[in-house]
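Q: Before I ask anything, let me first share the structure, which is written out below as structure tokens.
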Amino acid sequence: MAVGAFGVAETVTEEVKGIAEAKKGEMEAKAGSTFATFEPVSFVKQVVAGINYKIKVKVSDTECVHALIYCPLPHTGEGPQLVSVEAGKKEDDAIE
């Protein structure tokens with residue numbers, strides 16, 4: 001992985017699943033809809049002054065969203081922050 005770049009897509013870990021699930025309500029608000037299902041499936045990460053996670057979440061039989069969540073460094077005492085949500089994605093769309 002190049003410095004400052006997002007890495008390759010990985011299967012969701014329990015840690016990343018927990019981060020996504022904690023932001024479900026905010027994701028629904030930003031997407032403007034209530035999700036029929038909520039299944040984080042894969043993610044990429046970028047190390048910055050903290051970590052940016054782009055997480056692909058399956059929200060229906062045919063649709064996914066890509067959520068960008070920033071997790072600050074632990075010493076800041078701040079929790080994860082939802083930055084953006086891209087709706088209308090498909091399961092085979094690359095996370096970019």
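Q: I'm trying to understand the selection: among the residues of region 60-79, which are open to solvent by less than 50 Å² (accessible area, probe 1.4 Å) and under 16 Å from Ile19 (Cβ atoms)? Reasoning before the result, please.
A: First pass over region 60-79, keeping only residues open to solvent by less than 50 Å² (accessible area, probe 1.4 Å): 60, 64-69, 71-72, 79.
Across region 60-79, the qualifying residues are Val65, His66, Ala67, Leu68, Ile69, Cys71, Pro72, Gly79.
Q: Restricting the search to region 27-60, which residues are at pLDDT 95 or above, more than 17 Å from Glu96 (Cα to Cα) and in a strand (DSSP E or B)?
A: Of everything in region 27-60, just one residue is at pLDDT 95 or above, more than 17 Å from Glu96 (Cα to Cα) and in a strand (DSSP E or B), namely Glu39.
Q: Within region 80-90, identify whether any single residue is touching a Phe, Trp or Tyr at 6+ places or on another chain (Cβ under 6 Å), open to solvent by 60 Å² or more (accessible area, probe 1.4 Å) and part of a strand (DSSP E or B), and answer yes or no.
A: Just the residues of region 80-90 that are touching a Phe, Trp or Tyr at 6+ places or on another chain (Cβ under 6 Å), to begin with: 81, 83.
From the residues that got through so far, the ones that are open to solvent by 60 Å² or more (accessible area, probe 1.4 Å) too are 81, 83.
Filter once more, keeping what is part of a strand (DSSP E or B): 81, 83.
Checked region 80-90: at least one residue is touching a Phe, Trp or Tyr at 6+ places or on another chain (Cβ under 6 Å), open to solvent by 60 Å² or more (accessible area, probe 1.4 Å) and part of a strand (DSSP E or B).
Q: Ok, one more. Looking at region 61-86, which of its residues are modelled with pLDDT under 95 and within 17 Å of Ser33 (Cα to Cα)?
A: Residues satisfying the conditions are Asp61, Thr62.
Q: Something else: Name the residues in region 47-71 that are among the hydroxyl-bearing types (Ser, Thr, Tyr) and over 8 Å from the mean Cα position of the chain (by Cα), would you? Let's see the steps before the verdict.
A: Step one: of region 47-71, the residues among the hydroxyl-bearing types (Ser, Thr, Tyr) are 53, 60, 62, 70.
Once the filter is applied, which keeps residues that are among the hydroxyl-bearing types (Ser, Thr, Tyr) and over 8 Å from the mean Cα position of the chain (by Cα), region 47-71 yields Ser60, Thr62, Tyr70.
Q: Here is a follow-up. Among (1) in contact with a helix residue (DSSP H, G or I) (Cβ under 6 Å, 6 or more places away or on another chain); (2) surrounded by fewer than 12 Cβ atoms within 10 Å (Cβ to Cβ); (3) not hydrophobic (A, V, I, L, M, F, W, C), which single condition is Pro40 missing?
A: (2)
The values are calculated or read from the model by the stated rules, or taken from the named source; none is laboratory data. Note that the coordinates shown come from a computational prediction; the quantities given were computed from them, not determined experimentally. Cβ: placed from backbone, ideal geometry, glycine included. Neighbour counts: every protein chain shown. For the accessible areas, the whole protein counts, side chains as well, though only heavy atoms, and no ligand, DNA or RNA atoms are used. Shrake-Rupley method; radii C 1.70, N 1.55, O 1.52, S 1.80 Å.
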